[in-house]
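S.K.: Have a look at this one before I ask anything.
The values are calculated or read from the model by the stated rules, or taken from the named source; none is laboratory data. Please read all numbers here as calculations on a predicted model, not as lab measurements. Cβ coordinates were reconstructed from backbone atoms using ideal geometry, including for glycine residues, and neighbour counts include every protein chain displayed.
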Amino acid sequence: MVLGRALTCSSEELHALPYLDKVIHETLRLESPIPISIREAMKDTVLPLDKPIRGIDGKLIESIPVKKGDRIHIRTYVALLLTDMRSHCLH
C-alpha cells in the first residue's frame, strides 16, 4: 500500500502496514527517549559480572555489592543493546 500524497491515514490503513510496529519498536530500542534509568535498591544484594575485571589494586572483581538505598544509574542505550542485559532487565 502506498499512501501517496495523503498526509493522514486511517487506523485500518495503519494496521495494514505489517512492519510498522516492528520498525517503531526497533527505533525506540536503538534511540530510546529515556537515556538513563535510575533504580534504587530495595534490599542488600550482589550484582554478578559476566566477566571478572581487575580493580586498581590488582584484585579480581567478580561481583558488585549493592546496599539497600543505593542508586544505580543504567544507560538505557547500552542495556537495550546487550542481549544478556535485556534478560536481566525483564525479570
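S.K.: Out of curiosity, is LEU60 surrounded by 10 or more Cβ atoms within 10 Å (Cβ to Cβ) and of a type in the set (A, V, I, L, M, F, W, C)?
M.R.: On the way: surrounded by 10 or more Cβ atoms within 10 Å (Cβ to Cβ): no; of a type in the set (A, V, I, L, M, F, W, C): yes.
Considered against the rule, which asks whether it is surrounded by 10 or more Cβ atoms within 10 Å (Cβ to Cβ) and of a type in the set (A, V, I, L, M, F, W, C), LEU60 comes out as no.
S.K.: Within the range 8-29, can one find any residue that is within 30 Å of ILE61 (Cβ to Cβ) and at pLDDT below 90? If you could, list the steps in order and put the result at the bottom.
M.R.: Applying the first criterion (within 30 Å of ILE61 (Cβ to Cβ)) to the range 8-29 yields 29.
Narrowing the set further to residues that are at pLDDT below 90 leaves 29.
Yes, the conditions are met somewhere in the range 8-29.
S.K.: Given the structure, is ILE38 touching a His at 6+ places or on another chain (Cβ under 6 Å), loosely packed, with under 10 Cβ neighbours inside 10 Å, hydrophobic (A, V, I, L, M, F, W, C) and modelled with pLDDT of 85 or more?
M.R.: For ILE38, the condition - touching a His at 6+ places or on another chain (Cβ under 6 Å), loosely packed, with under 10 Cβ neighbours inside 10 Å, hydrophobic (A, V, I, L, M, F, W, C) and modelled with pLDDT of 85 or more - is met.
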